[in-house]
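Okay, structure first, notes after.
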Amino acid sequence: MGSRIVVPLVALFTASACALSPEAAAPASAPPVATSPPTTPPPSSTASGAAQDARPALARTTGTMTPNLEVEVVGLNRVRGKHLIVQVRLTNTDSEKKQPWTGEMGDNTRPLGEIRWASGIGVLDARARTWILPYQPAGSPCLCSDQDRDGLGYFIDPGASVSLYAVMPAPSGNPSTTTVVTPAGPPMADVPISDDPPVTPPGMTIPDPDAEPVTAVTRRLVTPSESPDESEETADDGTDLHVNLSSDVLFAVDKATLTPRAKAVLARTAKLIDASPGTTVRVEGHADSSGTDAINDPLSTRRARSALRALSTLVTRQGVAFQARGYGSHRPLYGNDTAEGRRRNRRVTVTFARPEPATVTAPPTAPAPGATGLTGTGTADGQPISMEITGLRRLTGGLGLLTYRITNRGDGEAWFNELHRAQDWMSFKYQAASNVTLTDVKTRRRYLPARLQVARGGNVDLYCACTDVSGVRLSTEKFAPGRQREFWSLFELPDTAAMMKVTIASFGDLRVPVR
(Lines give C-alpha, C1' and ligand atoms only; values in the text may rest on other atoms or scores of the structure.)
Protein backbone atom coordinates (compact mmCIF):
# COMPACT_ATOMS: atom_id res chain seq x y z
CA MET A 1 0.00 0.00 0.00
CA GLY A 2 2.93 2.42 0.46
CA SER A 3 3.10 5.10 3.12
CA ARG A 4 0.33 5.38 5.67
CA ILE A 5 -0.62 8.21 7.95
CA VAL A 6 0.13 6.94 11.42
CA VAL A 7 -0.94 9.73 13.73
CA PRO A 8 -2.88 8.95 16.89
CA LEU A 9 -6.44 10.31 16.74
CA VAL A 10 -5.84 12.52 13.71
CA ALA A 11 -4.70 12.05 10.13
CA LEU A 12 -3.27 15.38 8.95
CA PHE A 13 -2.36 16.14 5.33
CA THR A 14 -0.01 18.83 4.12
CA ALA A 15 -1.25 21.42 1.67
CA SER A 16 -0.73 20.85 -2.04
CA ALA A 17 -1.32 23.28 -4.91
CA CYS A 18 -1.76 20.55 -7.51
CA ALA A 19 -5.26 19.47 -8.49
CA LEU A 20 -5.98 15.82 -9.15
CA SER A 21 -7.78 15.12 -12.42
CA PRO A 22 -10.52 12.46 -12.28
CA GLU A 23 -8.58 9.84 -14.27
CA ALA A 24 -5.01 10.83 -13.45
CA ALA A 25 -2.65 9.20 -11.01
CA ALA A 26 -1.57 11.37 -8.10
CA PRO A 27 2.20 11.83 -7.75
CA ALA A 28 3.95 11.15 -4.50
CA SER A 29 4.37 14.14 -2.23
CA ALA A 30 6.12 15.04 0.99
CA PRO A 31 5.09 13.05 4.06
CA PRO A 32 2.40 14.58 6.26
CA VAL A 33 3.36 16.85 9.12
CA ALA A 34 1.70 16.04 12.41
CA THR A 35 0.39 18.78 14.66
CA SER A 36 -1.53 18.68 17.87
CA PRO A 37 -4.69 16.65 17.24
CA PRO A 38 -8.14 17.96 18.08
CA THR A 39 -9.78 16.64 21.19
CA THR A 40 -11.47 13.28 20.61
CA PRO A 41 -14.40 12.04 22.70
CA PRO A 42 -13.37 9.25 25.07
CA PRO A 43 -13.88 5.75 23.69
CA SER A 44 -16.39 3.35 25.15
CA SER A 45 -16.21 -0.43 25.22
CA THR A 46 -17.75 -2.76 22.63
CA ALA A 47 -19.18 -6.21 23.33
CA SER A 48 -15.88 -7.70 22.17
CA GLY A 49 -13.82 -5.46 24.43
CA ALA A 50 -12.36 -3.24 21.69
CA ALA A 51 -12.43 0.56 21.83
CA GLN A 52 -15.62 1.93 20.28
CA ASP A 53 -15.99 5.11 18.26
CA ALA A 54 -18.06 7.58 20.31
CA ARG A 55 -18.02 10.58 17.95
CA PRO A 56 -21.35 12.31 17.22
CA ALA A 57 -23.01 11.40 13.93
CA LEU A 58 -23.24 13.93 11.09
CA ALA A 59 -25.92 11.83 9.36
CA ARG A 60 -27.41 8.38 9.69
CA THR A 61 -29.44 5.82 7.79
CA THR A 62 -30.61 2.23 8.24
CA GLY A 63 -29.45 -0.79 6.28
CA THR A 64 -31.90 -2.16 3.73
CA MET A 65 -30.81 -5.78 3.60
CA THR A 66 -30.04 -5.73 7.32
CA PRO A 67 -32.38 -3.31 9.15
CA ASN A 68 -30.49 -3.84 12.43
CA LEU A 69 -27.42 -2.24 10.84
CA GLU A 70 -27.18 1.49 11.57
CA VAL A 71 -24.96 3.51 9.20
CA GLU A 72 -23.63 6.86 10.42
CA VAL A 73 -21.27 9.41 8.89
CA VAL A 74 -18.86 10.46 11.64
CA GLY A 75 -16.28 12.32 9.56
CA LEU A 76 -16.29 14.17 6.23
CA ASN A 77 -13.11 16.13 5.61
CA ARG A 78 -11.66 17.82 2.54
CA VAL A 79 -7.85 17.75 2.60
CA ARG A 80 -5.39 19.70 0.45
CA GLY A 81 -8.39 21.04 -1.42
CA LYS A 82 -8.59 17.97 -3.65
CA HIS A 83 -9.16 14.83 -1.53
CA LEU A 84 -12.11 13.80 0.62
CA ILE A 85 -11.96 11.47 3.60
CA VAL A 86 -15.25 9.85 4.53
CA GLN A 87 -15.55 8.04 7.86
CA VAL A 88 -18.53 5.81 8.51
CA ARG A 89 -19.56 3.98 11.67
CA LEU A 90 -21.58 0.77 11.39
CA THR A 91 -23.46 -0.32 14.50
CA ASN A 92 -25.13 -3.67 15.04
CA THR A 93 -28.32 -2.76 16.89
CA ASP A 94 -29.33 -6.40 17.33
CA SER A 95 -29.15 -7.57 20.94
CA GLU A 96 -28.33 -11.20 20.15
CA LYS A 97 -26.83 -11.88 16.72
CA LYS A 98 -23.48 -10.91 15.24
CA GLN A 99 -23.56 -9.05 11.93
CA PRO A 100 -21.03 -9.32 9.06
CA TRP A 101 -20.17 -5.95 7.52
CA THR A 102 -18.00 -6.62 4.45
CA GLY A 103 -20.83 -7.79 2.20
CA GLU A 104 -22.80 -4.68 3.11
CA MET A 105 -20.14 -2.17 2.03
CA GLY A 106 -18.64 -3.58 -1.19
CA ASP A 107 -18.93 -1.76 -4.53
CA ASN A 108 -20.71 -3.98 -7.05
CA THR A 109 -19.79 -1.87 -10.09
CA ARG A 110 -16.25 -3.28 -10.28
CA PRO A 111 -14.75 -6.74 -9.79
CA LEU A 112 -13.04 -6.97 -6.39
CA GLY A 113 -12.45 -10.69 -5.89
CA GLU A 114 -12.72 -11.15 -2.14
CA ILE A 115 -15.39 -9.12 -0.35
CA ARG A 116 -13.38 -7.44 2.37
CA TRP A 117 -13.16 -3.75 1.45
CA ALA A 118 -15.39 -0.77 2.27
CA SER A 119 -15.19 0.05 -1.44
CA GLY A 120 -18.83 1.12 -1.79
CA ILE A 121 -18.51 4.22 0.40
CA GLY A 122 -18.75 7.27 -1.84
CA VAL A 123 -20.24 10.69 -2.41
CA LEU A 124 -22.50 12.18 -5.04
CA ASP A 125 -21.04 15.08 -7.03
CA ALA A 126 -24.37 16.51 -8.16
CA ARG A 127 -22.77 19.42 -9.97
CA ALA A 128 -20.67 17.14 -12.19
CA ARG A 129 -23.26 14.35 -12.25
CA THR A 130 -20.73 11.81 -11.02
CA TRP A 131 -20.72 9.15 -8.34
CA ILE A 132 -17.32 9.28 -6.63
CA LEU A 133 -15.83 6.13 -5.10
CA PRO A 134 -12.53 5.49 -3.23
CA TYR A 135 -9.24 5.80 -5.09
CA GLN A 136 -7.69 2.64 -6.50
CA PRO A 137 -3.98 2.26 -5.70
CA ALA A 138 -1.71 -0.06 -7.69
CA GLY A 139 -1.65 -2.84 -5.10
CA SER A 140 -5.27 -2.86 -3.90
CA PRO A 141 -8.79 -2.40 -5.27
CA CYS A 142 -9.54 0.42 -2.87
CA LEU A 143 -7.99 3.17 -0.73
CA CYS A 144 -10.42 2.32 2.04
CA SER A 145 -10.86 0.10 5.10
CA ASP A 146 -9.64 -3.43 4.49
CA GLN A 147 -10.91 -6.16 6.81
CA ASP A 148 -7.58 -8.02 6.73
CA ARG A 149 -5.09 -5.14 6.64
CA ASP A 150 -6.89 -3.07 9.27
CA GLY A 151 -7.64 -6.05 11.53
CA LEU A 152 -11.35 -5.32 11.68
CA GLY A 153 -12.72 -8.81 11.83
CA TYR A 154 -15.63 -10.15 9.83
CA PHE A 155 -18.47 -9.70 12.37
CA ILE A 156 -19.81 -6.81 14.43
CA ASP A 157 -20.85 -8.01 17.89
CA PRO A 158 -24.37 -7.27 19.19
CA GLY A 159 -24.50 -3.65 20.35
CA ALA A 160 -21.01 -2.94 19.01
CA SER A 161 -19.75 -0.89 16.08
CA VAL A 162 -16.95 -0.76 13.53
CA SER A 163 -15.46 2.44 12.08
CA LEU A 164 -14.49 2.54 8.39
CA TYR A 165 -12.83 5.09 6.12
CA ALA A 166 -12.62 5.79 2.39
CA VAL A 167 -10.35 8.27 0.58
CA MET A 168 -11.53 9.72 -2.73
CA PRO A 169 -11.47 12.89 -4.86
CA ALA A 170 -13.33 15.87 -3.40
CA PRO A 171 -16.55 16.92 -5.16
CA SER A 172 -16.19 19.70 -7.73
CA GLY A 173 -16.93 23.31 -6.93
CA ASN A 174 -15.76 23.22 -3.30
CA PRO A 175 -19.27 22.56 -1.89
CA SER A 176 -20.03 22.97 1.81
CA THR A 177 -22.15 19.80 1.86
CA THR A 178 -22.53 16.62 -0.15
CA THR A 179 -24.58 13.44 -0.32
CA VAL A 180 -22.83 10.39 1.15
CA VAL A 181 -23.69 7.05 -0.45
CA THR A 182 -23.14 3.50 0.74
CA PRO A 183 -24.46 0.17 -0.60
CA ALA A 184 -26.02 -0.58 2.77
CA GLY A 185 -28.94 1.86 2.80
CA PRO A 186 -30.41 5.10 1.44
CA PRO A 187 -28.03 8.01 0.70
CA MET A 188 -27.50 10.67 3.35
CA ALA A 189 -28.04 14.17 1.91
CA ASP A 190 -26.57 17.55 2.91
CA VAL A 191 -23.77 16.17 5.07
CA PRO A 192 -21.44 19.08 6.01
CA ILE A 193 -17.88 18.96 4.69
CA SER A 194 -15.14 20.19 7.02
CA ASP A 195 -11.80 21.62 5.91
CA ASP A 196 -10.29 20.80 9.30
CA PRO A 197 -7.94 17.83 9.68
CA PRO A 198 -9.89 14.58 10.10
CA VAL A 199 -10.23 13.13 13.59
CA THR A 200 -9.94 9.35 13.78
CA PRO A 201 -10.83 6.84 16.49
CA PRO A 202 -8.08 5.00 18.38
CA GLY A 203 -6.32 2.42 16.22
CA MET A 204 -7.35 3.82 12.81
CA THR A 205 -4.68 4.99 10.36
CA ILE A 206 -5.69 6.50 7.03
CA PRO A 207 -3.49 6.08 3.91
CA ASP A 208 -2.08 9.22 2.30
CA PRO A 209 -3.45 9.46 -1.26
CA ASP A 210 -0.38 11.47 -2.33
CA ALA A 211 2.11 8.89 -1.06
CA GLU A 212 1.69 6.57 -4.07
CA PRO A 213 0.02 6.61 -7.49
CA VAL A 214 -3.75 6.28 -7.22
CA THR A 215 -6.49 6.30 -9.83
CA ALA A 216 -9.80 8.04 -9.31
CA VAL A 217 -12.87 5.79 -9.60
CA THR A 218 -15.96 7.68 -10.74
CA ARG A 219 -19.23 6.68 -12.34
CA ARG A 220 -21.08 8.98 -14.68
CA LEU A 221 -24.63 9.54 -13.49
CA VAL A 222 -27.19 9.66 -16.30
CA THR A 223 -30.77 10.73 -15.63
CA PRO A 224 -33.36 9.64 -18.21
CA SER A 225 -36.85 10.99 -18.82
CA GLU A 226 -39.42 10.56 -21.57
CA SER A 227 -42.50 12.19 -23.03
CA PRO A 228 -45.86 10.55 -22.29
CA ASP A 229 -46.51 9.94 -26.01
CA GLU A 230 -43.17 8.05 -26.35
CA SER A 231 -42.02 10.44 -29.08
CA GLU A 232 -38.72 11.17 -27.36
CA GLU A 233 -36.55 10.32 -24.36
CA THR A 234 -33.77 12.40 -22.86
CA ALA A 235 -30.62 11.40 -20.98
CA ASP A 236 -28.60 13.97 -19.02
CA ASP A 237 -25.04 12.87 -18.22
CA GLY A 238 -23.97 16.08 -16.49
CA THR A 239 -22.06 17.35 -19.54
CA ASP A 240 -24.33 16.78 -22.51
CA LEU A 241 -28.02 16.32 -23.11
CA HIS A 242 -28.87 13.40 -25.39
CA VAL A 243 -32.37 13.70 -26.89
CA ASN A 244 -33.50 10.47 -28.56
CA LEU A 245 -36.32 11.19 -31.00
CA SER A 246 -38.41 8.23 -32.14
CA SER A 247 -37.97 7.52 -35.83
CA ASP A 248 -41.43 5.97 -35.83
CA VAL A 249 -42.81 9.45 -35.04
CA LEU A 250 -40.47 11.48 -37.25
CA PHE A 251 -40.65 9.35 -40.40
CA ALA A 252 -42.77 6.87 -42.29
CA VAL A 253 -41.42 3.34 -42.69
CA ASP A 254 -38.22 3.27 -44.77
CA LYS A 255 -38.55 7.01 -45.48
CA ALA A 256 -36.42 10.03 -44.55
CA THR A 257 -39.07 12.72 -45.09
CA LEU A 258 -40.37 14.25 -41.85
CA THR A 259 -43.99 13.60 -40.95
CA PRO A 260 -46.44 16.41 -40.05
CA ARG A 261 -46.11 15.43 -36.41
CA ALA A 262 -42.33 15.73 -36.47
CA LYS A 263 -42.22 19.54 -36.28
CA ALA A 264 -43.88 19.63 -32.86
CA VAL A 265 -41.45 17.02 -31.55
CA LEU A 266 -38.43 18.85 -32.97
CA ALA A 267 -39.67 22.19 -31.60
CA ARG A 268 -39.15 21.06 -27.99
CA THR A 269 -35.60 19.95 -28.83
CA ALA A 270 -34.93 23.31 -30.51
CA LYS A 271 -35.95 25.14 -27.31
CA LEU A 272 -33.48 23.04 -25.32
CA ILE A 273 -30.73 23.86 -27.85
CA ASP A 274 -31.57 27.57 -27.50
CA ALA A 275 -31.07 27.24 -23.73
CA SER A 276 -27.74 25.41 -24.14
CA PRO A 277 -24.41 27.23 -23.78
CA GLY A 278 -22.81 24.97 -26.42
CA THR A 279 -22.06 25.88 -30.01
CA THR A 280 -22.11 22.39 -31.57
CA VAL A 281 -25.10 20.11 -32.07
CA ARG A 282 -24.63 16.51 -33.22
CA VAL A 283 -27.55 14.86 -35.02
CA GLU A 284 -27.17 11.08 -35.38
CA GLY A 285 -29.42 8.58 -37.10
CA HIS A 286 -29.84 5.05 -35.72
CA ALA A 287 -31.70 1.91 -36.74
CA ASP A 288 -32.67 -1.37 -35.12
CA SER A 289 -31.13 -4.70 -36.15
CA SER A 290 -33.81 -5.45 -38.73
CA GLY A 291 -32.65 -5.34 -42.33
CA THR A 292 -29.08 -5.09 -43.58
CA ASP A 293 -26.31 -2.52 -43.23
CA ALA A 294 -26.74 -1.73 -46.92
CA ILE A 295 -30.24 -0.44 -46.08
CA ASN A 296 -29.84 0.82 -42.50
CA ASP A 297 -26.63 2.82 -42.88
CA PRO A 298 -27.67 5.17 -45.70
CA LEU A 299 -31.24 5.47 -44.36
CA SER A 300 -29.99 6.53 -40.91
CA THR A 301 -27.72 9.13 -42.55
CA ARG A 302 -30.56 10.59 -44.64
CA ARG A 303 -32.79 10.76 -41.58
CA ALA A 304 -30.09 12.56 -39.57
CA ARG A 305 -29.67 15.14 -42.32
CA SER A 306 -33.43 15.64 -42.61
CA ALA A 307 -33.72 16.27 -38.85
CA LEU A 308 -30.72 18.61 -38.98
CA ARG A 309 -32.29 20.78 -41.67
CA ALA A 310 -35.51 21.10 -39.67
CA LEU A 311 -33.71 21.90 -36.39
CA SER A 312 -31.53 24.54 -38.01
CA THR A 313 -34.67 26.50 -38.95
CA LEU A 314 -36.27 26.10 -35.51
CA VAL A 315 -33.24 27.10 -33.39
CA THR A 316 -33.19 30.88 -32.88
CA ARG A 317 -29.80 31.20 -31.18
CA GLN A 318 -26.94 32.38 -33.38
CA GLY A 319 -23.57 30.69 -33.79
CA VAL A 320 -24.76 27.07 -33.56
CA ALA A 321 -23.00 24.54 -35.82
CA PHE A 322 -24.82 21.32 -36.75
CA GLN A 323 -23.24 17.99 -37.64
CA ALA A 324 -25.08 14.96 -39.06
CA ARG A 325 -24.06 11.30 -39.22
CA GLY A 326 -25.75 7.93 -39.55
CA TYR A 327 -24.75 4.83 -37.60
CA GLY A 328 -27.26 2.28 -38.82
CA SER A 329 -27.77 -0.46 -36.25
CA HIS A 330 -24.23 -0.30 -34.84
CA ARG A 331 -24.99 1.74 -31.67
CA PRO A 332 -28.10 0.29 -30.01
CA LEU A 333 -29.26 1.72 -26.70
CA TYR A 334 -31.33 -1.34 -25.81
CA GLY A 335 -31.56 -5.00 -26.68
CA ASN A 336 -32.95 -5.78 -30.13
CA ASP A 337 -34.54 -9.01 -28.90
CA THR A 338 -37.87 -7.33 -28.00
CA ALA A 339 -40.26 -5.15 -29.98
CA GLU A 340 -39.94 -2.32 -27.42
CA GLY A 341 -36.15 -2.45 -27.55
CA ARG A 342 -36.17 -2.30 -31.36
CA ARG A 343 -38.65 0.58 -31.33
CA ARG A 344 -36.43 2.64 -29.03
CA ASN A 345 -33.33 1.85 -31.09
CA ARG A 346 -35.00 3.37 -34.18
CA ARG A 347 -34.15 6.95 -33.32
CA VAL A 348 -32.48 10.22 -34.18
CA THR A 349 -30.23 11.33 -31.32
CA VAL A 350 -29.56 15.05 -30.89
CA THR A 351 -26.64 15.81 -28.54
CA PHE A 352 -25.55 19.21 -27.22
CA ALA A 353 -24.20 20.82 -24.05
CA ARG A 354 -26.76 20.55 -21.29
CA PRO A 355 -28.57 23.75 -20.32
CA GLU A 356 -27.63 25.10 -16.92
CA PRO A 357 -30.17 24.11 -14.24
CA ALA A 358 -32.43 26.95 -13.17
CA THR A 359 -32.05 28.40 -9.69
CA VAL A 360 -34.67 26.65 -7.60
CA THR A 361 -36.64 28.60 -5.04
CA ALA A 362 -38.23 26.85 -2.11
CA PRO A 363 -41.44 25.08 -3.22
CA PRO A 364 -44.73 25.88 -1.50
CA THR A 365 -45.06 24.40 1.94
CA ALA A 366 -46.51 20.93 1.68
CA PRO A 367 -47.38 18.26 4.21
CA ALA A 368 -44.55 15.89 5.01
CA PRO A 369 -44.75 12.39 3.56
CA GLY A 370 -46.36 10.01 6.02
CA ALA A 371 -48.88 12.66 7.12
CA THR A 372 -50.95 12.62 3.92
CA GLY A 373 -51.71 8.95 3.46
CA LEU A 374 -48.78 8.34 1.09
CA THR A 375 -49.11 4.60 1.41
CA GLY A 376 -50.09 1.66 -0.72
CA THR A 377 -51.02 -1.94 -0.03
CA GLY A 378 -50.60 -5.24 -1.81
CA THR A 379 -49.86 -8.92 -1.28
CA ALA A 380 -46.84 -11.17 -1.68
CA ASP A 381 -46.95 -14.95 -1.21
CA GLY A 382 -50.40 -14.47 0.34
CA GLN A 383 -49.10 -11.99 2.93
CA PRO A 384 -50.32 -8.38 3.19
CA ILE A 385 -47.59 -5.93 2.16
CA SER A 386 -47.59 -2.17 2.71
CA MET A 387 -45.52 0.64 1.21
CA GLU A 388 -44.99 4.12 2.61
CA ILE A 389 -43.17 6.96 0.88
CA THR A 390 -40.93 8.63 3.45
CA GLY A 391 -39.57 11.46 1.34
CA LEU A 392 -39.03 13.05 -2.07
CA ARG A 393 -36.15 15.41 -1.48
CA ARG A 394 -34.62 17.92 -3.87
CA LEU A 395 -30.83 17.70 -4.09
CA THR A 396 -28.46 20.11 -5.80
CA GLY A 397 -27.77 19.82 -9.52
CA GLY A 398 -31.37 19.10 -10.52
CA LEU A 399 -31.51 15.72 -8.78
CA GLY A 400 -34.08 14.24 -6.45
CA LEU A 401 -33.92 11.46 -3.85
CA LEU A 402 -36.97 9.26 -3.31
CA THR A 403 -37.11 7.12 -0.16
CA TYR A 404 -39.78 4.60 0.79
CA ARG A 405 -40.25 1.62 3.07
CA ILE A 406 -41.97 -1.70 2.54
CA THR A 407 -43.34 -3.80 5.41
CA ASN A 408 -44.62 -7.35 5.63
CA ARG A 409 -47.86 -6.99 7.64
CA GLY A 410 -48.58 -10.72 7.70
CA ASP A 411 -47.64 -13.58 9.98
CA GLY A 412 -45.66 -15.55 7.39
CA GLU A 413 -42.50 -15.03 5.35
CA ALA A 414 -42.89 -13.43 1.91
CA TRP A 415 -40.77 -12.59 -1.14
CA PHE A 416 -41.77 -9.30 -2.74
CA ASN A 417 -40.22 -9.56 -6.21
CA GLU A 418 -42.02 -6.72 -7.98
CA LEU A 419 -39.42 -4.03 -7.30
CA HIS A 420 -36.95 -5.32 -9.89
CA ARG A 421 -39.55 -6.20 -12.53
CA ALA A 422 -39.23 -3.07 -14.61
CA GLN A 423 -39.77 -3.05 -18.37
CA ASP A 424 -37.14 -4.99 -20.28
CA TRP A 425 -35.63 -1.92 -21.97
CA MET A 426 -34.95 -0.45 -18.50
CA SER A 427 -32.85 -3.45 -17.50
CA PHE A 428 -29.49 -3.04 -15.76
CA LYS A 429 -26.45 -5.26 -15.37
CA TYR A 430 -27.76 -6.49 -12.02
CA GLN A 431 -31.22 -6.62 -10.54
CA ALA A 432 -32.22 -3.51 -8.61
CA ALA A 433 -35.35 -1.82 -7.29
CA SER A 434 -35.86 -0.04 -10.63
CA ASN A 435 -39.62 -0.58 -11.02
CA VAL A 436 -40.23 3.00 -9.88
CA THR A 437 -41.16 6.08 -11.91
CA LEU A 438 -41.87 9.75 -11.24
CA THR A 439 -44.25 11.82 -13.36
CA ASP A 440 -44.46 15.61 -13.32
CA VAL A 441 -48.07 16.36 -12.41
CA LYS A 442 -48.18 19.48 -14.62
CA THR A 443 -46.21 18.46 -17.73
CA ARG A 444 -46.91 14.71 -17.48
CA ARG A 445 -43.24 14.04 -18.28
CA ARG A 446 -42.05 10.69 -16.95
CA TYR A 447 -38.75 10.32 -15.06
CA LEU A 448 -36.90 7.01 -14.72
CA PRO A 449 -34.30 5.92 -12.13
CA ALA A 450 -30.82 7.33 -12.71
CA ARG A 451 -28.16 5.11 -14.23
CA LEU A 452 -24.49 4.69 -13.34
CA GLN A 453 -22.37 4.15 -16.46
CA VAL A 454 -19.27 1.96 -16.32
CA ALA A 455 -17.18 1.63 -19.50
CA ARG A 456 -15.24 -1.61 -19.91
CA GLY A 457 -13.51 -2.84 -23.04
CA GLY A 458 -15.56 -0.75 -25.42
CA ASN A 459 -18.85 -1.68 -23.75
CA VAL A 460 -20.91 0.34 -21.28
CA ASP A 461 -22.55 -1.42 -18.33
CA LEU A 462 -25.50 0.29 -16.67
CA TYR A 463 -26.21 0.08 -12.94
CA CYS A 464 -29.28 1.50 -11.26
CA ALA A 465 -28.78 4.43 -8.89
CA CYS A 466 -31.22 2.76 -6.53
CA THR A 467 -31.39 -0.07 -4.01
CA ASP A 468 -29.53 -3.15 -5.23
CA VAL A 469 -31.34 -6.50 -4.87
CA SER A 470 -28.82 -8.87 -6.47
CA GLY A 471 -25.63 -10.70 -5.53
CA VAL A 472 -24.95 -10.61 -1.81
CA ARG A 473 -28.08 -8.45 -1.46
CA LEU A 474 -30.34 -11.04 -3.06
CA SER A 475 -32.38 -11.45 0.12
CA THR A 476 -33.32 -7.74 0.13
CA GLU A 477 -36.75 -8.64 -1.26
CA LYS A 478 -37.31 -11.34 1.37
CA PHE A 479 -39.47 -10.22 4.30
CA ALA A 480 -39.97 -12.05 7.57
CA PRO A 481 -43.24 -11.38 9.44
CA GLY A 482 -43.21 -7.74 10.54
CA ARG A 483 -39.95 -7.06 8.66
CA GLN A 484 -39.56 -3.50 7.36
CA ARG A 485 -36.97 -2.35 4.82
CA GLU A 486 -35.90 1.05 3.50
CA PHE A 487 -35.48 1.62 -0.26
CA TRP A 488 -34.36 4.54 -2.42
CA SER A 489 -33.91 5.84 -5.97
CA LEU A 490 -32.24 8.86 -7.57
CA PHE A 491 -34.07 10.79 -10.31
CA GLU A 492 -33.93 13.93 -12.37
CA LEU A 493 -36.29 16.38 -10.69
CA PRO A 494 -37.81 19.24 -12.72
CA ASP A 495 -36.87 22.65 -11.37
CA THR A 496 -40.36 23.96 -10.75
CA ALA A 497 -42.11 20.82 -9.55
CA ALA A 498 -43.75 21.04 -6.14
CA MET A 499 -45.62 17.76 -6.57
CA MET A 500 -44.78 14.52 -8.40
CA LYS A 501 -46.80 11.41 -9.13
CA VAL A 502 -44.87 8.39 -7.85
CA THR A 503 -45.50 4.87 -9.08
CA ILE A 504 -43.78 2.02 -7.20
CA ALA A 505 -44.33 -1.51 -8.53
CA SER A 506 -48.06 -2.37 -8.27
CA PHE A 507 -48.84 -0.10 -5.30
CA GLY A 508 -50.63 2.44 -7.48
CA ASP A 509 -50.03 6.13 -8.16
CA LEU A 510 -49.43 8.53 -5.28
CA ARG A 511 -49.04 12.30 -5.41
CA VAL A 512 -45.98 13.22 -3.36
CA PRO A 513 -44.82 16.72 -2.33
CA VAL A 514 -41.25 17.71 -3.14
CA ARG A 515 -39.39 18.79 -0.03
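The values are calculated or read from the model by the stated rules, or taken from the named source; none is laboratory data. Keep in mind that what you see is a predicted model, and the values were worked out from it rather than measured. Note that we place each Cβ from the backbone using ideal geometry, even for glycine, and neighbour counts take in every protein chain shown. What goes into the accessible areas is simple: the full protein's heavy atoms, side chains included, and nothing from ligands, DNA or RNA. Shrake-Rupley method; radii C 1.70, N 1.55, O 1.52, S 1.80 Å.
Let me check against my output: what whole-number percent is the relative contact order of the chain, with C-alpha pairs under 8 Å and at least 6 apart? Write out the running numbers ahead of the final one.
Numbers: 1286 pairs, mean separation 72.7, N = 515.
After rounding, I find 14 percent.
For residue 427, the amide hydrogen comes within under 5 Å of no other amide hydrogen, counting only partners 5 or more places away or on other chains and with H modelled in the peptide plane. Average accessible surface for the chain: 42 Å² per residue, computed with a 1.4 Å probe over protein heavy atoms with every protein chain in place.
By how many nm would the segment from residue 267 to residue 407 grow when fully extended, if each residue of separation counts as 0.36 nm and the alpha-carbon distance is taken off? Walk me through the numbers on the way to the answer.
On the way: separation 140, 0.36 × 140 = 50.40 nm, distance 4.54 nm.
Full extension of this stretch gives 45.9 nm more.
Taking 22 Å as the straight-line reach from the Cα of residue 429, the lysines in range (excluding those fewer than 8 positions away in the same chain) are 478.
Taking the Cα centre of the chain as the origin, how large is its charge dipole in debye, to the nearest 20, when only Lys and Arg (+1) and Asp and Glu (-1) carry charge on their Cβ atoms? Write out the running numbers ahead of the final one.
Numbers: 54 positive and 52 negative charges, 333 e Å.
Rounded to the nearest 20 debye, it is 1600 debye.
What the phi angles of the stretch 427-436 give under the Karplus curve with 6.51, -1.76 and 1.60, with θ = phi - 60°, is a coupling list of 5, 10, 4, 10, 5, 8, 7, 9, 7, 9 Hz, glycine and proline written as x. Projecting the Cα atoms of 334, 287, 353 onto the charge dipole of the stretch 203-353, computed from C-beta unit charges around the Cα centre, puts 287 farthest toward the positive end.
Computed over neighbours whose Cβ is under 12 Å from that of residue 108, the net charge equals 0, Lys and Arg +1, Asp and Glu -1.
Model label sites at residue 295 and residue 312, defined 7 Å from Cα along the beta-carbon direction, differ in position by 3.0 nm. Inter-label distance, residue 377 to residue 495: 4.3 nm, where each label sits 7 Å from its Cα along the C-beta direction. Selection among 386, 65, 238 by position relative to the dipole of the chain gives 238 as farthest towards the positive end (Cβ unit charges, Cα centre).
Using a Förster distance of 30 Å, how high is the FRET efficiency between residue 455 and residue 172, based on the Cβ-Cβ distance and rounded to 0.05?
Efficiency, from the Cβ-Cβ distance: 0.90.
Under a model in which nothing but the beta-carbon of Lys, Arg (+1) and Asp, Glu (-1) is charged, the stretch 64-158 shows a dipole of about 580 debye around its Cα centre. Residues of the stretch 473-508 with an amide N closer than 17 Å to a point placed 7 Å from the Cα of residue 415 along the Cα-to-Cβ direction: 473-481. Computed from Cα positions, the angle between helix 293-314 and the longest principal axis of the chain comes to roughly 90 degrees.
Would you kindly state how much longer the chain becomes between residue 470 and residue 248 on full extension, computed as 0.36 nm times their sequence separation minus their alpha carbon distance, in nm to one decimal?
Details: separation 222, 0.36 × 222 = 79.92 nm, distance 3.52 nm.
Extra length from residue 470 to residue 248 when fully extended: 76.4 nm.
Using the alpha-carbon atoms, what tilt in degrees (0 to 90, nearest 10) does helix 262-274 show relative to the longest principal axis of the chain? Tilt of helix 262-274: around 50 degrees.
Over all other residues within a Cβ to Cβ distance under 12 Å of residue 74, the charged ones net out to 0, with Lys and Arg as +1 and Asp and Glu as -1.
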